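Peer 1: One structure, pasted below without further comment.
The values are calculated or read from the model by the stated rules, or taken from the named source; none is laboratory data. Worth saying up front: this structure is predicted, and the values here are computed from it rather than measured. Cβ atoms come from the backbone with ideal geometry, glycine included; neighbour counts cover every protein chain shown.
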Amino acid sequence: MTIRVVVSGSAAKAIEDFVPQLVTDKVASRLFDGDHTLWGKEAESESAIRLGWVNAASESFKLIPEVLELRANLLSKGLTRVVLCGMGGSSLAPEVITKTFGKELVVLDSTYPSQVRLALEADLAKTVVVVSSKSGSTVETDSQKRSFEQAFDEAGIDKTERIFIVTDPNSPMHNQATKDGYRVFLADPMVGGRYSALTAFGVVPSALAGVDMRSVLEDAVIASAVLNQDSPSNPGLVLGSAMARSRSSSGFKDKIGIVSNQSKIIGFGEWAEQLIAESTGKIGRGVLPVVLDQASFELANKSQDLMVIELSAAEAESSEDVSVSASLGEQLILWEVATVVASRLIGVNPFDQPDVESAKIAARAMLDSPAGQSVFAFEEDSISVATLGFSSTATDTNSSLAQLFEQIGPDGYVSIHCYLHRESMGEAETLRNLIAARTKRPTTFGWGPRFLHSTGQYHKGGPKQGVFLQIVSGSGEDLPIPGRGFGYRQLIDSQASGDAKVLADNGSPVLVLQLRNPEEGIKRLIGMLS
């Protein structure tokens, strides 16, 4: 095992104060023995059916021969392009795994019309599709499946030879796929979506894309033999305590900056972000993960409530609060263990997501009644502006931003929710650092609607500290969804409006900027904030 966790400062004090009790309480061994009582009485019913992930790596070896045989068969037919339709944990883990191993995987985790169209139209003749949904009823994933079915039908291609399903046993998608003749890979129903990286949800698409998943699983199994030990040096207990109980002069640090320093793992912060936020952010508590890079404002100007965890190469030196080096398989199981340990220390159930459903209900209402969507107060240079949850007297975009930022409390944060084409609008992520520098507060960035399945839980259920900037498209472009009475444009607009309404109804300030021309609008915002 090569896991190395180095701590200093307030993180070291947290380890000194809290790890001994975790060892005394035998938290590590009880976790790997499947003890569902670790998070209190109220969490027992949920945790009793959510601990399959501790053995997921060893259980997933049985998938490898079947997936490798399928891959070889597909390659023999010239089918080399793999598309993954999935949201949240169903797509974030395979994205990290394939990027780290340098393998091509097209991740479709959006309902933005042109992003869906691009995935549908690019080299369909060489395309196979993995449709991943734990519940089997995720509206985004079901819609994408319908679109690919239609595309294959119209091209005269047998869709049952090109589409493969990953879902839980007896889910609606499992039952329908069986009737329709699709090949189905069943995941362990005892594993929640955000803990599913080492299950079929991570293994199937990654292995089909060419990743040696056996080595990833082997590393995770070896790491588990250390992570299940009731020892003061257990890296899961150390990292979990640092995450949950590092102190500042005014209380616990409840924000975690995650940054890479020479780590060969690509995009790990985005996966860890959804794991931590959705697990800990509820009943007014939680730890906010903030994905950073080496140039981020927060690193040079640390707020007292932010602790930085660095993902590093084993030989790299670190000046941060916590430095973690490990292989990808080790990191995946380590952070899962650390997150449930942190949840125990914070006092929350790491396996439920009580506030995620509210956005889905609101989006459904917007689909049924589009008139309820955001009302814009004014338009300036093709940017329409709406405010929810706070009063604004602004008549221009810059003043609206200023008034939103005035709502930030001393322990607050800014969260940018960008409902645009992720593949072509990557420049929008520049806004994160600009806003952090302007507000001098930790700032997160999420692509909509995928963040609704991860950090969306924290924003609604965690501490009421956030102010929210929602960026949507004013483009009328649409793409019909086969068999539904609405298209992707109406769906993504309803998801954005529904989430903004829920946030505002919960007492959070929300500024909505609708960009008639997204490319020009983003450039204008960057110039404004610069």
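Peer 1: Taking the residues in the stretch 281-311 that are at negative phi, in contact (Cβ under 8 Å) with a residue 60 or more places away in the chain and among the aliphatic types (A, V, I, L, M) as candidates, determine which candidate is surrounded by the most Cβ atoms within 10 Å (Cβ to Cβ).
Peer 2: ILE309
Peer 1: Go through the stretch 13-25 and report how many residues are free of Cβ contacts under 8 Å to residues at least 12 places away in the same chain and either among the aliphatic types (A, V, I, L, M) or not in a helix (DSSP H, G or I) (or both).
Peer 2: Number satisfying all stated conditions: 1.
Conditions (1) of a type in the set (Lys, Arg); (2) in contact (Cβ under 8 Å) with a residue 40 or more places away in the chain; (3) farther than 14 Å from GLY240 by Cβ; (4) not assigned by TED's automatic domain parsing to the domain that holds GLY267, marked per residue:
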| site | (1), (2), (3), (4) |
| --- | --- |
| SER319 | no, no, yes, no |
| SER323 | no, yes, yes, no |
| GLU330 | no, yes, yes, no |
| TRP335 | no, yes, no, no |
| ALA342 | no, yes, no, no |
| PHE351 | no, yes, yes, yes |
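Peer 1: Checking the structure you have, find out if any residue of the stretch 125-141 is surrounded by fewer than 22 Cβ atoms within 10 Å (Cβ to Cβ), touching a Ser or Thr at 6+ places or on another chain (Cβ under 6 Å) and either charged (D, E, K, R) or modelled with pLDDT of 95 or more (or both).
Peer 2: Taking every residue of the stretch 125-141 in turn, at least one turns out to be surrounded by fewer than 22 Cβ atoms within 10 Å (Cβ to Cβ), touching a Ser or Thr at 6+ places or on another chain (Cβ under 6 Å) and either charged (D, E, K, R) or modelled with pLDDT of 95 or more (or both).
Peer 1: Is there any pair with a first residue in the stretch 79-94 that is within 14 Å of GLY269 (Cα to Cα) and at pLDDT 95 or above and a second that is among the aromatic types (Phe, Trp, Tyr) and not in a loop (DSSP other than H, G, I, E, B) whose Cβ atoms are under 8 Å apart and which are 6 or more apart or on different chains, and what are they?
Peer 2: These pairs meet every condition: LEU92/TRP271; ALA93/PHE201; ALA93/TRP271; PRO94/PHE201.
Peer 1: Same structure again: Return yes when ALA377 is hydrophobic (A, V, I, L, M, F, W, C), out of contact with any helix residue (DSSP H, G or I) (no Cβ under 8 Å at 6 or more places or on another chain) and within 19 Å of ALA504 (Cα to Cα) and no when it is not.
Peer 2: Working: hydrophobic (A, V, I, L, M, F, W, C): yes; out of contact with any helix residue (DSSP H, G or I) (no Cβ under 8 Å at 6 or more places or on another chain): yes; within 19 Å of ALA504 (Cα to Cα): yes.
Here the answer is yes, as ALA377 does meet what is asked.
Peer 1: Now for a different question. Could you count how many residues in the stretch 437-459 are among the charged types (D, E, K, R) and surrounded by fewer than 23 Cβ atoms within 10 Å (Cβ to Cβ)? Walk me through how you get there before you give the answer.
Peer 2: Here is the first cut: in the stretch 437-459, the residues among the charged types (D, E, K, R) are 438, 440-441, 450.
Narrowing further to those that are surrounded by fewer than 23 Cβ atoms within 10 Å (Cβ to Cβ): 438, 440.
Number of matching residues: 2.
Peer 1: Let me ask something additional. Among (1) surrounded by 24 or more Cβ atoms within 10 Å (Cβ to Cβ); (2) of a type in the set (Asp, Glu); (3) more than 23 Å from GLY136 (Cα to Cα), where does GLU278 come up short?
Peer 2: (3)
Peer 1: Of all residues in the stretch 326-370, which are buried (at least 24 other Cβ atoms within 10 Å of the Cβ) and hydroxyl-bearing (Ser, Thr, Tyr)?
Peer 2: Matches in the stretch 326-370: THR339, SER343.
Peer 1: Related question: Hey, among the residues in the stretch 157-172 that are without any contact (Cβ under 8 Å) to a residue 40 or more places away in the chain and within 16 Å of VAL128 (Cβ to Cβ), which one's surrounded by the fewest Cβ atoms within 10 Å (Cβ to Cβ)? Outline the logic, then answer.
Peer 2: Kept after step one, since they are without any contact (Cβ under 8 Å) to a residue 40 or more places away in the chain, are these residues of the stretch 157-172: 157-161, 163, 165, 167-172.
From what is left, the residues that are within 16 Å of VAL128 (Cβ to Cβ) are 157-161, 163, 165.
Working: ILE157: 14, ASP158: 10, LYS159: 18, THR160: 14, GLU161: 16, ILE163: 22, ILE165: 25.
Checking each candidate, the answer is ASP158.
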